[in-house]
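Structure, as structure tokens:
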Amino acid sequence: MKKIFSLSLLPLLLFIVNSCGVVKDTKSVATQKSSGENSLLWEISGNELTKPSYLFGTIHMICENDFFLNESMKTSFDKAEQLILEVDMDDMQMMMDATMSLMLPADQSLKDFFSEEDYKKVSAYVKENSGMDIKMVEGMKPFMLMSMMAEQNASCEATKSYEQEFVKMAKKKSIEIKGVETFKQQLAIFEEALPDSFIVKTILNGINNPDEGDDQFAEMISHYKKQNLNALANLINSDEQYAENADVLINNRNRNWIPILEKEMAATSSFIAVGAGHLAGKEGVIELLRKQGYSVKPVH
């Protein structure tokens with residue numbers, strides 16, 4: 001599950017690498033309608049909104065050749081008057097905070113998390129794949145090393161991020177960029193659900209089994225290009241660690257986002273771009289908005 005894991009990192013990794021967050025609860029996914037609702041793009045209207053807003057499911061890392069934005073997606077973005085992401089990627093102070101939050105305390109080192117033999121493997125891996133001496137990241141949390149591996153393990157040389165592309169488009173339009181969470185909030189959520197011991201185990205598995213997960217990665221990209229939210233969520237949910245932590249990683253966050261999104265949509269038309277795994281299911285953003293009285297319809 002190495003590739004699946006590295007592609008399932010929370011969007012906070014966008015400050016360091018381009019990864020994807022499509023984790024979902026199996027029970028929630030099973031209730032999502034599939035007929036006619038295979039779409040990454042959704043129009044939100046009704047409930048006294050003066051203008052529609054748009055909801056888009058992202059994948060935070062994809063090979064450049066697989067990246068696509070169809071005309072409906074571009075048109076919907078052009079109609080919006082602000083961009084809302086999981087975190088405000090245009091906030092330089094937040095990016096600085098991101099770097100500081102990934103540092104270990106002064107009395108700790110990355111080598112403290114590994115046996116002597118395993119640390120030699122890690123050091124050799126970092127040198128071979130990045131040309132960098134392990135000492136350059138010894139002061140960083142294991143999370144940082146795992147995020148580096150996520151990018152290095154991509155199945156293509158050139159990758160793109162939907163979030164980063166939308167930020168460029170927003171700057172070109174001179175519209176405001178906002179986030180529904182802060183980096184520190186996301187890091188705290190991640191650390192609660194996935195302890196250092198699990199991250200270390202995953203790092204070593206990635207080094208010892210470099211080709212593991214290639215088929216799952218290809219399947220994930222295929223589902224995304226077909227805009228099949230259910231299939232994406234079911235694939236990722238096959239990882240027990242995520243299924244056990246669905247509330248912390250996804251469901252609770254979705255519920256927290258709804259009042260924020262309601263306030264922003266009431267103020268102006270918004271293009272909301274969040275990880276595709278946040279959309280489907282009873283606890284997904286689509287159904288939560290519908291429960292609040294909004295019409296949420298797929299845009300093809």
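The values are calculated or read from the model by the stated rules, or taken from the named source; none is laboratory data. If you're wondering where the values come from, they're calculated on a predicted model, not measured in any experiment. Positions of Cβ are backbone-derived with ideal geometry, glycine not excepted, and every protein chain shown enters the neighbour counts. Side chains included, ligands, DNA and RNA excluded: accessible areas come from the protein's heavy atoms. Shrake-Rupley method; radii C 1.70, N 1.55, O 1.52, S 1.80 Å.
Looking only at residues of segment 16-68 that are of a type in the set (D, E, K, R) and at pLDDT 85 or above, we find that the one that is most open to solvent (accessible area, probe 1.4 Å) is 48. Taken over segment 254-271, the residue count meeting the criterion of being in a helix (DSSP H, G or I) and open to solvent by less than 30 Å² (accessible area, probe 1.4 Å) is 5. Of all residues assigned to segment 200-213, none qualifies as being touching a residue at least 40 places away in the same chain (Cβ under 8 Å), in a helix (DSSP H, G or I), within 20 Å of the chain's Cα centre (by Cα) and within 25 Å of residue 88 (Cβ to Cβ).
Within segment 137-180, count every residue that is open to solvent by less than 20 Å² (accessible area, probe 1.4 Å) and not hydrophobic (A, V, I, L, M, F, W, C). Looking only at that region, the number is 5.
Look through segment 76-131, keep the residues that are in a loop (DSSP other than H, G, I, E, B) and free of Cβ contacts under 8 Å to residues at least 60 places away in the same chain, and return whichever of them is nearest to the chain's Cα centre (by Cα).
Within segment 76-131, the first condition is being in a loop (DSSP other than H, G, I, E, B), and the residues that meet it are 80-81, 88-91, 102, 104-109, 114-115, 131.
Then drop every residue that is not free of Cβ contacts under 8 Å to residues at least 60 places away in the same chain, which leaves 104-109, 115, 131.
On the way: 104: 23, 105: 27, 106: 30, 107: 31, 108: 28, 109: 27, 115: 31, 131: 27 Å.
Filtering first and then ranking leaves 104.
Summed over segment 132-150, residues that are in a helix (DSSP H, G or I) and not small (Gly, Ala, Ser) total 11. Of everything listed in (1) open to solvent by less than 30 Å² (accessible area, probe 1.4 Å); (2) within 26 Å of residue 63 (Cα to Cα); (3) touching a strand residue (DSSP E or B) at 6+ places or on another chain (Cβ under 9 Å), the single unmet condition for residue 206 is (3).
Among residues of segment 169-186 that are at pLDDT below 95, those with a beta-carbon under 9 Å from a residue that is small (Gly, Ala, Ser) at least six positions away or on a different chain give the pairs 183/98; 183/101; 184/98; 184/101.
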